[in-house]
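Written out below as structure tokens is the structure these notes cover.
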Amino acid sequence: MQTYEPILLKNMSRPGYVGSLEDYRGVGGYAMLEKVLKEMSPSDLIDIVKKSGLRGRGGAGFSTGMKWSFIPKDHTGPRYLCCNADESEPGTFKDRQLIERDPHQMLEGIGIACFAIGAHQAYIYIRGEFDLGAEIIQNAIREAYDAKLFGKDLFGTDFDIDVVLHRGAGAYICGEETALLESIEGKRGKPRTKPPFPAIHGLYQEPTVVNNVETLANLPYILKNGPEWYAGIGTQKSTGTRIFSVSGHVKRPGNYEVPLGITLREMIYEIAGGVREDKELKAIIPGGASAPFLKPEHLDARMDFESIAEVGSMLGSGGVTVMDVDTCMVWAAMNLMEFFHHESCGKCTPCREGSAWILQVLRRIEGGLGKPEDIDLLVSLCERIEGKTVCAFGEAEIGPILSTIKNFREEYETHIAEKRCPYRPDAALAIAH
Amino acid sequence: MRLKVLSDKAKEAIEVQFPSYPDKRSVLLPALRIAQEEIGYLSESAMIDVADLLGLTPVQVYEVATFYSQYNLKPVGKYLIQVCKTLSCALVGAGSIVTYLQEKLGIRTGETTSDGLFTLKLVECLAACGSAPMMQINDRYYEQLTPEKMDRILEDLKRDGKSPLATGPFMLPVMGERS
């Protein structure tokens with residue numbers, strides 16, 4: 001099996017490395033923050049990151065340097081950087097590892113990003129359930145302040161950066177960047193209509209950049225080794241490495257950092273050890289619950305933003321969920337629809353009501369009460385959500401439904417014809433309560 | 001200001017966060033967390049206290065308290081067991097974990113044991129998909145669950161109030177485990 005040199009998971013793979021400030025400085029940590037503050041201009045820094053090709057690791061894959069460059073240069077009031085540590089896309093657990101094992105790597109990235117956009121205040125928005133992660137970050141922030149790596153007049157310059165940890169309280173939607181801002185402002189996490197984008201009117205209506213944990217963690221290494229080095233890893237348009245979280249029916253689930261562009265086959269069969277009990281593979285979700293299901297015929301698709309889009313799904317958050325031949329696709333779609341229905345924020349009617357209707361129809365098909373016209377009804381419900389919501393949640397929630405209908409339509413038809421779930425004979429009972 | 005139920009300590013813990021934000025309202029989520037930790041859940045009186053401290057109306061607090069899933073508007077047991085039910089966990093046995101806990105504790109999901117110790121709840125993805133099935137009990141994760149492991153965790157909690165089986169700083173695959 002080919003092995004790859006990790007970037008972000010490298011420190012934590014060293015024996016005895018616990019992610020303390022001492023550990024992180026021992027491997028050269030914070031040298032790049034010092035360098036940018038002392039020697040670089042924000043526009044040089046933005047150019048380097050643009051040249052590296054780094055794209056957002058939260059899910060959308062937008063150019064990080066470009067996102068930074070949207071901050072108005074002539075703005076005189078405050079600007080904000082928000083670190084999105086609200087990791088909640090089902091199938092994804094990489095930021096958790098970056099936070100709990102190497103918090104200073106993320107903090108250095110935050111400092112660098114603050115300098116790039118001229119922000120003196122950063123907020124780390126961490127999902128409420130990450131109690132241990134919050135304790136670890138809080139401790140790391142304290143260590144960094146004590147060492148004068150954050151605070152006033154950093155490294156003898158007149159640049160100040162303050163960092164505040166802000167904890168969520170359980171809402172998937174707060175990973176959406178404008179909902180995240182609403183949540184920091186002490187409101188319900190309901191996405192805002194865009195435009196205006198956060199770069200113009202963000203937190204407290206001031207220019208704001210929201211970057212994911214993994215995105216920020218890449219910054220020290222891009223600066224240290226140069227943008228050409230980074231752009232040389234991965235594919236031409238999807239540069240660098242990516243941490244994929246692999247779960248479900250695989251022998252070795254876990255977080256694996258690989259160059260963008262390896263095949264799904266290599267990821268599932270070589271790196272993650274193949275399907276449990278050597279069963280046949282049935283379905284793959286390549287990028288978190290919002291990404292449409294793929295089939296074994298897509299195993300040779302490359303795991304980069306473009307290639308996965310070409311086969312009809314998306315790389316999203318990098319959460320790879322693997323399902324074996326005995327998994328019911330109607331049940332899997334229903335499970336994710338329960339998730340989306342629960343997490344719909346309620347702002348847009350098509351999403352709020354549509355998720356409930358879709359779930360109801362899926363439940364009756366899975367429970368053996370489906371009607372032949374239900375498949376078309378599901379497609380029609382999905383069409384009434386797509387493009388009709390304020391945020392991307394609408395497109396996300398219909399992905400599992402439309403893709404299972406497209407790729408596994410016969411399973412829906414069998415449920416309806418046989419009036420039961422062929423995989424889970426007790427499904428009707430389970431759904432009844 | 002005279003608070004209804006929150007202690008001076010809670011008040012102080014809330015007010016100390018004001019300088020971190022340009023607007024006091026931003027302290028609402030942290031304040032509700034502090035209130036819940038002190039009272040055990042968010043009673044109406046606790047929410048009114050928070051509103052007073054932050055200069056908000058009670059309904060501004062209530063609408064936020066009802067939006068986020070971690071706020072309990074009713075009392076829960078000393079140990080709140082939250083089992084993840086989303087796909088990756090469901091694929092590898094979350095269902096049998098729930099069945100086992102229901103039988104062991106003699107309650108159904110959403111209920112609390114008569115001694116007030118355990119509340120059992122189903123929740124959506126907690127970002128522990130690779131180490132599924134999993135549950136969160138109060139402020140700690142418990143992963144790669146088996147019936148034997150759950151027995152030990154519940155016994156530990158009853159006896160010591162904590163369990164060494166809680167997950168520490170997360171890493172998967174564990175180093176040296178890969179062939």
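The values are calculated or read from the model by the stated rules, or taken from the named source; none is laboratory data. The structure presented is a predicted model; accordingly, all values stated were derived computationally and were not measured. Here the Cβ is made from the backbone with ideal geometry for all residues, glycine too, and neighbour counts use every protein chain on show. For accessibility, only protein heavy atoms count, side chains too; no ligands or nucleic acids. Shrake-Rupley method; radii C 1.70, N 1.55, O 1.52, S 1.80 Å.
Annotations for the structure displayed:
- Matching residues in region B:1-57 - criterion: being open to solvent by less than 20 Å² (accessible area, probe 1.4 Å), away from chain A (no Cβ under 11 Å), part of a helix (DSSP H, G or I) and in contact (Cβ under 8 Å) with a residue 24 or more places away in the chain: B:10, B:14, B:35, B:46, B:49, B:53
- Any hit, region A:343-351, residues being more than 14 Å from every other protein chain (Cβ to nearest Cβ) and touching an Asp or Glu at 6+ places or on another chain (Cβ under 9 Å): yes
- Within region A:15-34, one or more residues are aliphatic (A, V, I, L, M) and within 14 Å of chain B (Cβ to nearest Cβ).
- So residue A:254, is it at the interface with chain B (Cβ under 10 Å from one of its Cβ atoms) and not charged (D, E, K, R): yes
- Region A:172-191: number of residues that are closer than 11 Å to residue A:203 by Cα and either assigned by TED's automatic domain parsing to the domain that holds residue A:316 or of a type in the set (Lys, Arg) (or both): 0
- Condition check for residue B:130: part of a loop (DSSP other than H, G, I, E, B), among the small types (Gly, Ala, Ser) and at the interface with chain A (Cβ under 8 Å from one of its Cβ atoms): no
- Residue A:37, sole failed condition from (1) open to solvent by 60 Å² or more (accessible area, probe 1.4 Å); (2) in contact with a Leu (Cβ under 9 Å, 6 or more places away or on another chain); (3) not charged (D, E, K, R): (1)
- Apart from one condition, residue A:120 fits all of (1) within 14 Å of another protein chain (Cβ to nearest Cβ); (2) without any contact (Cβ under 8 Å) to a residue 12 or more places away in the chain; the exception is (2).
- Which listed residue is at pLDDT 95 or above and open to solvent by 10 Å² or more (accessible area, probe 1.4 Å), from A:179, A:217, A:147, A:140: A:147
- Filter pass, residue A:231 being open to solvent by 10 Å² or more (accessible area, probe 1.4 Å) and either within 16 Å of residue A:347 (Cα to Cα) or away from every other protein chain (no Cβ under 14 Å) (or both): yes
- Any chance residue A:285 is open to solvent by less than 10 Å² (accessible area, probe 1.4 Å) and out of contact with any Gly (no Cβ under 7 Å at 6 or more places or on another chain): no
- Just one of the numbered conditions (1) within 22 Å of residue A:109 (Cβ to Cβ); (2) within 13 Å of chain B (Cβ to nearest Cβ) is not true of residue A:176: (2).
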